[in-house]
Amino acid sequence: MFLDLAKKRRSIRKFTDKEVTDKEIKEIFESVLRAPTAVHRDVMKYILIKDKKSLEILSKFKKSGAEFLKGSSLAIAVISDKSLAKNTYHQDACIGATFIQLACVDLGLSSTWANVTDAKNEEGKASQEYLHELLNLDEKFNVECIIGIGHGAEEKSEKKAWDYDTHVKEIVIK
Ligand SMILES: Cc1cc2nc3c(=O)[nH]c(=O)nc-3n(C[C@H](O)[C@H](O)[C@H](O)COP(=O)(O)O)c2cc1C
């Protein structure tokens, strides 16, 4: 049930050493490659990083907030093509990233989103630019985020909902 996934999904930043198998990765992408994009444009790309040394390098793509990638078993760089979706490449990518996180919960895996937009690395270089070099990406691509995934090694309570009455309102437009 979708509500169970929404309750169970929490940002987990500590992981065990247990690997995320190729079968699990394929299962994640069974859902993710069905995520909608504006006008059904084929704009999404996903780069997988499993190698331990590579994950350590990746964890320094920004000054802070991506350290957890080092301990993850798998990182997925969520990338969209700006040239094909000038006005919707952020939205398209965020939907893909959200599908990844929910698919992970469904498989008993944990994850956290590391934001790229406007971030800088330790040397003050834009993380977007740094990741383009690191991942060997063409200029037309935007790296929306890097999702770190693994088997969780920390417990978090189920997600509490924001208050309905202060966040949801029905109106009639005349
Ligand atoms: C757009 C977005 C960007 C985020 N960026 C980061 C990040 O750079 N580093 C990080 O550790 N967590 C990041 N997070 C995770 C949030 O901190 C987390 O979702 C929030 O605190 C709520 O906690 P929960 O995911 O457990 O519900 C991001 C989440 C979203 C949705």
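Using a/c under 1.5 as the rounded threshold, could you call segment 51-136 rounded, prolate or oblate? The axes a ≥ b ≥ c are square roots of the C-alpha gyration tensor eigenvalues, and prolate needs a/b larger than b/c, oblate otherwise. Don't jump to the answer; show the numbers that get you there.
Working: a/c = 1.93, a/b = 1.02, b/c = 1.89.
The shape class here is oblate.
Net charge of the neighbourhood of Gln101, taken over other residues with C-beta under 11 Å away and scored Lys/Arg +1, Asp/Glu -1, is +2.
For the pair Asp163 and Val39, what calculated FRET efficiency results from E = 1/(1 + (r/R0)^6), where r is the Cβ-Cβ distance and R0 = 45 Å, to the nearest 0.05? Could you put the intermediate results ahead of the total?
On the way: r = 35 Å, r/R0 = 0.79.
The pair Val39/Asp163 has a calculated efficiency of 0.80.
Across segment 2-150, the fraction of Cα-Cα pairs farther apart than 25 Å, rounded to a whole number, is 24%.
Looking at the chain only, what percent of DSSP beta bridges run antiparallel? Nearest 5 please.
On the way: 22 of 23 bridges.
Rounded to the nearest five, the antiparallel share is 95 percent.
Per DSSP H run of n ≥ 4, the term is -39500 (n - 2.57); total these for the chain, divide by its residue number, and report the mean residue ellipticity at 222 nm rounded to 500 deg cm²/dmol.
Values: 6 runs with 56 residues, N = 174.
Result for the chain: -9000 deg cm²/dmol, rounded to the nearest 500.
Listed by chain and number, the aspartates and glutamates whose alpha-carbon sits under 15 Å from that of Lys53, ignoring those within fewer than 8 places in the same chain, are Asp17, Glu19, Glu67.
Taking every alpha-carbon pair under 8 Å whose residues sit at least 6 apart, segment 32-83 reaches a relative contact order of 43 percent. For segment 112-171 and segment 82-98, what is the separation of their Cα centres, given in Å? Cα centroid to Cα centroid, the span is 13 Å.
Counting only C-alpha contacts under 8 Å and six or more residues apart, can you give the relative contact order of segment 2-150 as a whole percent? RCO, segment 2-150: 33 percent.
Note on Lys169: lysines with a C-alpha under 23 Å away, same-chain residues under 8 apart excluded, are Lys7, Lys159, Lys160. Highest mobility in the GNM of the chain, judged by mean-square fluctuation with C-alpha springs under 10 Å and restricted to Asp92, Asp163, Asp51, is found for Asp163. Could you identify which residue out of Glu67, Glu139, Glu56 has the top mean-square fluctuation in a GNM of the chain using Cα springs shorter than 10 Å? Judging by the Gaussian network model, the answer is Glu139. When the Gaussian network model of the chain links Cα atoms closer than 10 Å, the mean-square fluctuations of Lys23, Lys120, Lys82 top out at Lys23.
Where a number appears in this text, it was derived from the coordinates with a stated rule and is not lab data. Just so we're clear, the structure is a prediction, and the values are computed from it rather than from any experiment. Cβ coordinates were reconstructed from backbone atoms using ideal geometry, including for glycine residues, and neighbour counts include every protein chain displayed.
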